[in-house]
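These notes concern the structure reproduced below.
The values are calculated or read from the model by the stated rules, or taken from the named source; none is laboratory data. Quick caveat: nothing in here was measured; it's all calculated off a predicted structure. Using ideal geometry, Cβ is built from the backbone for each residue, glycine included, and neighbour counts are taken over all protein chains shown.
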Amino acid sequence: MSTAGFELEDQADPGPEPKAEPGIVAIGPNMGHLLLLFLLSVVLLLGGQFLALLAAMKLQVYGHHSLRGYAQLLQNDARWLVPAEAFGYLLVISAAVPTFRAVWHRPFAVGLHWNLAQARRYAGRLFLLGLGCGFGIGLLGSALPMPKDPPIMADMMRSPAGAWMMLLFGITGAPLFEEMFFRGFLLPAFLNTFRWLRLKGDLSPAAARWIGIPVSVVLTSLPFALLHGQQVAHAWAPVLLIGLVSLVLCVVRLQLNSLASSTVVHAAYNFTLFAGILVQTGGFRHLDRLVH
């Protein structure tokens, strides 16, 4: 990753979105903003899950069950798990947009450096990069010890409708929310920490540039990979590969100063996770073919 000309901007005055020059990365949210988003996410994601449980009980989707029984059922059926997660994500974004617009005194997308123009400009290459990451990770995975029947595969095998919902959510809501949290807030928060150390005089500009960027990328990728651990039975090999994908997403976000660009790559990568299964099962009509 090139760091030529990298500068950590002082955000005392947020102002309009900075126009990044080649090799210069504009920094957005700091650790305080990240903490606020985390608190909003915990409260609203849990609230969304609870409301989804109440809705399922009210509709008696699976017949009559206790709240605990519905909680177990919803965890094991993508037809209800995906809508519940999507609802929670929608609640978080709906709260985050006006909250941070007020905090930053500028539009939410500008504060996160969404920069859709860059994503449009490089759309084809970004999409191909995402596909390439997916197929490359697949080849690496074939040489590593991978879990035989990971939980995410079991979730897909329950019903064609659930599999389609996982695919659609995996290329829309999931990459959008994850990019907002990890590359939109977490990565800039780490970079801003190094900026603060530089301004205090504890780090030289060269150290902030050559140490701050790689360390921030790695620290962003670790929780991103671990977050997906449950989907792959917490096996080290797929978690490592997911971490490598995160490194690519961070580089795209930084090099293009565009969260929209890393979201496109993320969505294309996620598509490759389902593409082979989609073909193998005839459009998810024959999920029994996934049984080893």
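All told, residue 283 meets the bar of being more than 12 Å from residue 183 (Cα to Cα) and either without any contact (Cβ under 8 Å) to a residue 12 or more places away in the chain or not in a helix (DSSP H, G or I) (or both). Residues of region 142-191 that are β-branched (Val, Ile, Thr), part of a helix (DSSP H, G or I) and under 16 Å from the mean Cα position of the chain (by Cα): none at all. Can you confirm whether residue 194 is among the aromatic types (Phe, Trp, Tyr), touching a Ser or Thr at 6+ places or on another chain (Cβ under 8 Å) and assigned to a helix (DSSP H, G or I)? Considered against the rule, which asks whether it is among the aromatic types (Phe, Trp, Tyr), touching a Ser or Thr at 6+ places or on another chain (Cβ under 8 Å) and assigned to a helix (DSSP H, G or I), residue 194 comes out as yes. The listed residues are 176, 167, 203, and the only one of them that is free of Cβ contacts under 8 Å to residues at least 40 places away in the same chain, touching a helix residue (DSSP H, G or I) at 6+ places or on another chain (Cβ under 9 Å) and surrounded by fewer than 22 Cβ atoms within 10 Å (Cβ to Cβ) turns out to be 203.
Would you pick out the residues in region 207-235 that are over 16 Å from the mean Cα position of the chain (by Cα), modelled with pLDDT of 90 or more and either over 23 Å from residue 183 (Cβ atoms) or not in a helix (DSSP H, G or I) (or both)? 211, the sole residue that qualifies.
Consider residue 245 carefully, then state whether it is within 13 Å of the chain's Cα centre (by Cα), part of a helix (DSSP H, G or I) and at pLDDT 95 or above. Judged against the criteria, residue 245 is a match.
Of the candidates 101, 125, 79, 120, the single residue that is at pLDDT 95 or above, part of a helix (DSSP H, G or I), surrounded by 15 or more Cβ atoms within 10 Å (Cβ to Cβ) and not acidic (Asp, Glu) is 101. In region 142-164, what residues are small (Gly, Ala, Ser) and surrounded by fewer than 15 Cβ atoms within 10 Å (Cβ to Cβ)? Across region 142-164, the qualifying residues are 142, 143, 154, 161.
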